[in-house]
Protein chains: 4
Amino acid sequence: MSTRAADAEVEETRQRRLETSTAPTEDPAELDRTDPARHIAASAEAYRNWSRWGEDDRIGTLNFIGDAERARAAGLVRRGASFSLSQPFDMNGPQQGWRRRTNPVHTMLDTGTDAAAGTQGFPHGIGGADDVIAMPLQCSTQWDGLGHIFDRGMAWNGRPAGQVVTSDGDLVTGIEHVASVIVGRGVLLDVGRFLRPDASDVHADDGAATGELPDGYAITTAELEACIAAQGATSAVGRGDLVLVRTGRYGRAVREGWNGYAGGPSAGLSFTTAGWLHRTEIAAIATDTWGFEVRPNEFDDAFQPLHQVVIPNLGLTIGEMWDLEALAADCAADGCYEFLLVASPLPITGAVGSPVNPIALK
Amino acid sequence: MSTRAADAEVEETRQRRLETSTAPTEDPAELDRTDPARHIAASAEAYRNWSRWGEDDRIGTLNFIGDAERARAAGLVRRGASFSLSQPFDMNGPQQGWRRRTNPVHTMLDTGTDAAAGTQGFPHGIGGADDVIAMPLQCSTQWDGLGHIFDRGMAWNGRPAGQVVTSDGDLVTGIEHVASVIVGRGVLLDVGRFLRPDASDVHADDGAATGELPDGYAITTAELEACIAAQGATSAVGRGDLVLVRTGRYGRAVREGWNGYAGGPSAGLSFTTAGWLHRTEIAAIATDTWGFEVRPNEFDDAFQPLHQVVIPNLGLTIGEMWDLEALAADCAADGCYEFLLVASPLPITGAVGSPVNPIALK
Amino acid sequence: MSTRAADAEVEETRQRRLETSTAPTEDPAELDRTDPARHIAASAEAYRNWSRWGEDDRIGTLNFIGDAERARAAGLVRRGASFSLSQPFDMNGPQQGWRRRTNPVHTMLDTGTDAAAGTQGFPHGIGGADDVIAMPLQCSTQWDGLGHIFDRGMAWNGRPAGQVVTSDGDLVTGIEHVASVIVGRGVLLDVGRFLRPDASDVHADDGAATGELPDGYAITTAELEACIAAQGATSAVGRGDLVLVRTGRYGRAVREGWNGYAGGPSAGLSFTTAGWLHRTEIAAIATDTWGFEVRPNEFDDAFQPLHQVVIPNLGLTIGEMWDLEALAADCAADGCYEFLLVASPLPITGAVGSPVNPIALK
Amino acid sequence: MSTRAADAEVEETRQRRLETSTAPTEDPAELDRTDPARHIAASAEAYRNWSRWGEDDRIGTLNFIGDAERARAAGLVRRGASFSLSQPFDMNGPQQGWRRRTNPVHTMLDTGTDAAAGTQGFPHGIGGADDVIAMPLQCSTQWDGLGHIFDRGMAWNGRPAGQVVTSDGDLVTGIEHVASVIVGRGVLLDVGRFLRPDASDVHADDGAATGELPDGYAITTAELEACIAAQGATSAVGRGDLVLVRTGRYGRAVREGWNGYAGGPSAGLSFTTAGWLHRTEIAAIATDTWGFEVRPNEFDDAFQPLHQVVIPNLGLTIGEMWDLEALAADCAADGCYEFLLVASPLPITGAVGSPVNPIALK
């Protein structure tokens, strides 16, 4: 058989597989852009963790963290350096109103100007200031709870969505159930810095600078593994880890303005990383982007397909809009990519997400 | 001189001192109930830390924590047990509307019932839930920022209150400045359990159970020190520590209903502990009560006088409405009262306080 | 047949009817307290207006008002006296948190104290104040929209509830559709004053004063008609009218404090008035109570059964928590109970209710 | 003297006057663009109404409306046609976050989808929907209260701003004081239609269509009077009238998108109309624009200078962001520009502004 004929046969096989396979793929080239439903179903089926921690489970892959993991993670602290991984919460945030998501509106109930003016009615010279906030729980640095996304009507662990999240909130998997849980070994995968050590890499002329991936760049399993290998032993990823993936998108927003940060194009995880997210048995994952997965995604007409697989099926808790800039610079400087991560959400009863100020301790 | 004459002389001296002293006292019996202004001025003058960390300081006694303290605190973690010290954030909270403080109002932007009904307009079977919160920043478990209280028109570090906190929030000492800072060695002083090992102690018939102090009970410096001595070496308090004082007030609220928890009578620190708070050089302090200090306080007509001394003058960050119940039970069980405490506020720009989910790691 | 035997027969007949009738009754004595479902179904069936104004109707009985009715109503204005029928909107309102209903939280974005302190950053001496509100749409004086209540899964005009009101609001009958509509002839029925001209009437010792009905008092059709007759010709009720029923409940709250005004016991319309509400062809009705209908209602275990009949079945718009005190005093003084009523809701897109400041012009 | 010399002299005189006059001018050409402070002071001084209605006055020029005016206004109603002059209140509004002003966030506490899913816990088939709103009081169609703007530290009637509006709201001139007041004769001045009967008028190629003034167009006193003359007797303006000025800006926004409607350039009243606003003794005025006055204004560096003159000095209540489109079309069609206007604000205690759904009845 001629090489050309052999090539044609390979291509034909690929095409057939592309069109019919019901097994998940980890190769983006094998995705059929026109058929997200098939790929989602295949990945959901393959990686589903329902019942893995019993019928009553509320926390999914966060079960992978136990006291022993936390004790080991605390042992990683060397210098005592503390990094807040939270973006600011204020009106200058990225939100533009999509699905009624605004930036936080912070107003005062009492002020120092009032205290100075003597209008507060308190005795002996005491004065006070007090304040209020109104905000979507996913307006800034946040965790997506397990009730945030449904797959064909089903929530995490195979429960009907309509019985889990009503107008009263998440009656089963509310974020309050992980109030003390999200504490463990954090690992930073600085994919932006790895793939783009200088701005001429990856693509040219895409507006992204050194250490930043261009918008629409889909990070693959192979790239995650190569990044781990390149960063060295401290970035090995395994059971119970809290993985932070830096794309550079937030650094770019700080540099050039939001420019579509919330809901616009961005680098992010490829749909095909679902298998890696499953078999590594990580406890949770967070990125410095709005949407965690690549945007636009790898299908012609789809909305956050990786969310649909990993939240309700794997039971994976996802963090978004984290500020990984200072931590990443520190990791790059000392070559150590692991740390104690304390990222406990506010225990808002029945919330499907929560603002969080994650602390990395090195 | 007869004993009686001597006694009379002592009493007379005490009276004179009571009426005129401009030095602070650590003995509640020496407080003149009718003159809070004099005592506040005396304590403020004696314990003021203004300029101690420079004219530009924004964080006060939190300067006492550095990387070395954090590294040592991380070394305290043995078992990896994680305790959330936050009360739930929901409509069943303690607030009753005082100064427009409500409980958190959590509403849904999208629900599982909508997803199940197929009304969300998303492709390929993905559905979502999303939510919003409106809440006072001091509605539940919280830190008071340094801009929360003023003393005779002055804010922390001697700045005019009206130049620090306007309707735009705290322009100088906003809670965002401590986003990565409040991480260190936590020490629990379980004064409730120490003073009231059974319910017949302290007072009788006051409604408080074992391990709970009665309402209006003012904890003194002597009692804090006796508690430390009784609890043993792990509860020694010193520079840079984050001290948690348990009165049992929150446990009582869980047991019997709020019953005035927000703003009503409660045990708490005596006004006379200001000196101890100053000389121990602790970084911050939190209690399981609404108001941190004893309520009603030790003056006839005063409002939170200890706040007035310690926030704007010492620069002390105060936590309120913490849930110390599970942590206290654990400490009582293993006799170890120290731990790593990660209690980073949400970095709400310009906030004078912040909700927080503090994590104690033992 | 002896009188006694005749009486027994009448009673037996009444009992049989009480237990089995599927026709609605206008006599409260004929209600079976144990079977709200049967009575609700009977009234809903008898008085249903579905399709009366076409399949696409969004406004129900408000269709009874047309330009001609409005022109006639304007002709009722004599003196030009203007009455606001709204309660204050503030934190001192009646709400206590039931189903997350709070009182309005009004906060400032900018203040005069800030302007005076010169911190606002505006040129040439201009200063400003600005504000924000967070409130349930049914926290104070309000209209219930047609999407507020469902009967066995169905909304107004026979639409499935789940297709009408989602997390995105009322997609069909939102309050914005009546933005210009609720303007017409108002008629005050001062049932409180009519039934209780002095405080010894109706009941004794029930806490209600002159002109106030006691809690739990169910106003019947016969009493509404007697009130109309007693008040005279200006209070005749007919097609397109906006009827205001005063019970005195709000006046009592002003006098003695809220005391359960929101959700507690109150006088109100009897369940049996549904027929009158239907056949009079009124456009809308409002009361000075939280719940419009009598509370507790006339069944052992029921929740707002008259709402269930009249909102989704008649398509009747209901106003609640109106302040009728000043208007009622004026009507009693001049004997004229009709006026121009302009009670246009805020056109909040998709709202199932709206705060309103109704204006009566006499 | 030659013509040229005479011209030069006139010009010199004009220049001198331009630079030094402390009298207000009604000719925009006489404004010194570089000196807003002088012109503001001159107009404020000339048109100040302080004490005109006593030292305790809270409502300013709304005092010009009495019962007699209202009765006459009701007499203007002929056909009974009702026009809502409110823009929609929803997330698609014009706000973009300036000074923390967002669009209204409307969320549901209960929904029809929940009712249909049977999750609400109510008996006998009743279901309900309920909702909440969070919004700046000036997010959409609104009245500016008298506490909204200050002039060099002073509020309406000569009160110090800091004693009028604190964090507790407007303690003196809160919008609740006009709850029943803003009802009277409305007059529409359709300046857009008058000045620009076809799109080639006024300016060419400015993006504004027929009946719309271009951005930055300053409407003068002369033009207001010419418009009145052209529209005819029904648009005569005098004491106690509620004047509505249509520029076409809102119609343009509906046509082409917001495009800077909130805070951007717009036609509006010239600074020099202050005298007309004063001597006509109108009760209030409203426009279809965000800012009432022309934007950018007629000074090099100024912010809303006409506001600064008319709100705190005249005591004039101003409406903004009104939808005058349907009413204007009707007035153009029948040639009648007067009507009963009922524009009562929500009586939010202490508010410096209020959303409103104004109703014009013709």
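The values are calculated or read from the model by the stated rules, or taken from the named source; none is laboratory data. Computed from a predicted structure; not experimentally measured. Don't worry about glycine lacking a Cβ; one is built from the backbone with ideal geometry, like all the others, and counts go over all protein chains shown. Areas reflect the complete protein model, heavy atoms only, side chains present, ligands, DNA and RNA absent. Shrake-Rupley method; radii C 1.70, N 1.55, O 1.52, S 1.80 Å.
Which residue, of D:G112, D:G118, D:G97, D:G93, is touching an Asp or Glu at 6+ places or on another chain (Cβ under 9 Å), more than 30 Å from D:E281 (Cα to Cα) and among the small types (G, A, S)? Give the steps one after another, and end with the answer.
Numbers: D:G118 fails: touching an Asp or Glu at 6+ places or on another chain (Cβ under 9 Å); D:G97 fails: touching an Asp or Glu at 6+ places or on another chain (Cβ under 9 Å); D:G93 fails: touching an Asp or Glu at 6+ places or on another chain (Cβ under 9 Å).
Criteria check complete, one pass: D:G112.
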Checklist outcome for this item: In the stretch B:73-92, residues that are open to solvent by less than 10 Å² (accessible area, probe 1.4 Å), over 17 Å from B:E325 (Cα atoms) and in a loop (DSSP other than H, G, I, E, B) total 1
Next on the checklist: Among the numbered criteria (1) open to solvent by 10 Å² or more (accessible area, probe 1.4 Å); (2) among the aliphatic types (A, V, I, L, M); (3) not in a helix (DSSP H, G or I), which one does D:A116 miss?
Outcome noted: (3)
Checklist outcome for this item: Per the filter on the stretch A:132-158, residues in contact with an Asp or Glu (Cβ under 8 Å, 6 or more places away or on another chain) and facing chain B (nearest Cβ under 7 Å) are A:P136, A:L137, A:Q138, A:G147, A:H148
Next on the checklist: Between B:E26, B:E45, B:E55, B:E69, which is assigned to a helix (DSSP H, G or I), charged (D, E, K, R) and out of contact with any strand residue (DSSP E or B) (no Cβ under 6 Å at 6 or more places or on another chain)?
Outcome noted: B:E45
Next on the checklist: Can you tell me which of (1) buried (at least 17 other Cβ atoms within 10 Å of the Cβ); (2) more than 10 Å from chain B (Cβ to nearest Cβ) is the one A:R33 doesn't meet?
Outcome noted: (1)
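Determine whether D:G240 is in a loop (DSSP other than H, G, I, E, B) and open to solvent by less than 10 Å² (accessible area, probe 1.4 Å).
On the way: in a loop (DSSP other than H, G, I, E, B): yes; open to solvent by less than 10 Å² (accessible area, probe 1.4 Å): yes.
Criteria met by D:G240.
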Checklist entry - Looking at the stretch A:139-167, which of its residues are in contact with a Ser or Thr (Cβ under 6 Å, 6 or more places away or on another chain) and over 19 Å from A:S354 (Cβ atoms)? => result A:G162
Next on the checklist: Between a residue in the stretch A:299-316 that is at negative phi and any residue that is among the acidic types (D, E), which pairs come within a Cβ distance under 7 Å, given they are 6 or more apart or on different chains?
Outcome noted: A:L306/A:E293; A:H307/A:E293; A:Q308/A:D151; A:I311/A:D144; A:P312/A:D151; A:N313/A:D151
Next on the checklist: If I filter the stretch B:143-165 for residues that are in a strand (DSSP E or B) and within 30 Å of A:G147 (Cβ to Cβ), do I get at least one hit?
Outcome noted: yes
Item to check | Pairs where the first residue, in the stretch A:251-272, is under 22 Å from A:A326 (Cβ atoms) and the second is open to solvent by 30 Å² or more (accessible area, probe 1.4 Å) and assigned to a strand (DSSP E or B), C-beta under 9 Å, 6+ apart | outcome: A:S266/A:R295; A:A267/A:R295; A:G268/A:R295
Checklist entry - Just one of the numbered conditions (1) over 23 Å from B:T280 (Cβ atoms); (2) touching a residue at least 60 places away in the same chain (Cβ under 8 Å); (3) within 14 Å of chain A (Cβ to nearest Cβ) is not true of B:P88; which one? => result (2)
Item to check | Among (1) facing another protein chain (nearest Cβ under 7 Å); (2) open to solvent by less than 30 Å² (accessible area, probe 1.4 Å); (3) out of contact with any Lys or Arg (no Cβ under 9 Å at 6 or more places or on another chain); (4) farther than 30 Å from D:V164 by Cα - the single one C:G66 does not satisfy | outcome: (1)
Checklist entry - Within the set of pairs 6+ apart or on separate chains, which have a first residue in the stretch A:46-71 that is more than 14 Å from B:R79 (Cβ to Cβ), a second that is open to solvent by 50 Å² or more (accessible area, probe 1.4 Å) and of a type in the set (A, V, I, L, M), and C-beta atoms under 8 Å apart? => result A:A46/A:A23
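State yes or no: is B:A74 at the interface with another protein chain (Cβ under 7 Å from one of its Cβ atoms) and either free of Cβ contacts under 8 Å to residues at least 24 places away in the same chain or out of contact with any strand residue (DSSP E or B) (no Cβ under 9 Å at 6 or more places or on another chain) (or both)?
Answer is no for this residue.
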Checklist entry - Quick check: anything in the stretch B:186-196 in contact with a Ser or Thr (Cβ under 7 Å, 6 or more places away or on another chain), facing chain A (nearest Cβ under 10 Å) and not in a loop (DSSP other than H, G, I, E, B)? => result no
Item to check | Count of the stretch B:93-113 residues which are more than 34 Å from the chain's Cα centre (by Cα) and either more than 9 Å from chain A (Cβ to nearest Cβ) or assigned to a helix (DSSP H, G or I) (or both) | outcome: 2
Item to check | Complete set of residues in the stretch D:160-177 that are under 20 Å from the mean Cα position of the chain (by Cα) and more than 9 Å from chain C (Cβ to nearest Cβ) | outcome: D:T173, D:G174, D:I175, D:H177
Next on the checklist: Which of the numbered conditions does B:P123 fail, given that it passes all the others? Conditions: (1) more than 7 Å from chain A (Cβ to nearest Cβ); (2) over 22 Å from the mean Cα position of the chain (by Cα); (3) not in a helix (DSSP H, G or I).
Outcome noted: (1)
Checklist entry - Among the residues of the stretch D:193-214, is there at least one that is surrounded by fewer than 24 Cβ atoms within 10 Å (Cβ to Cβ), closer than 21 Å to D:L316 by Cβ and out of contact with any His (no Cβ under 9 Å at 6 or more places or on another chain)? => result no
Checklist outcome for this item: Pairs returned, first residue in the stretch D:152-181 that is under 24 Å from C:V105 (Cα atoms) and of a type in the set (S, T, N, Q), second residue that is assigned to a loop (DSSP other than H, G, I, E, B) and modelled with pLDDT of 95 or more, beta-carbon separation under 7 angstrom, 6 or more apart or interchain, are D:T166/C:T111; D:S167/A:T111; D:S167/C:T111; D:T173/D:R58; D:T173/D:G145; D:T173/D:L146; D:T173/D:G147; D:S180/D:S344
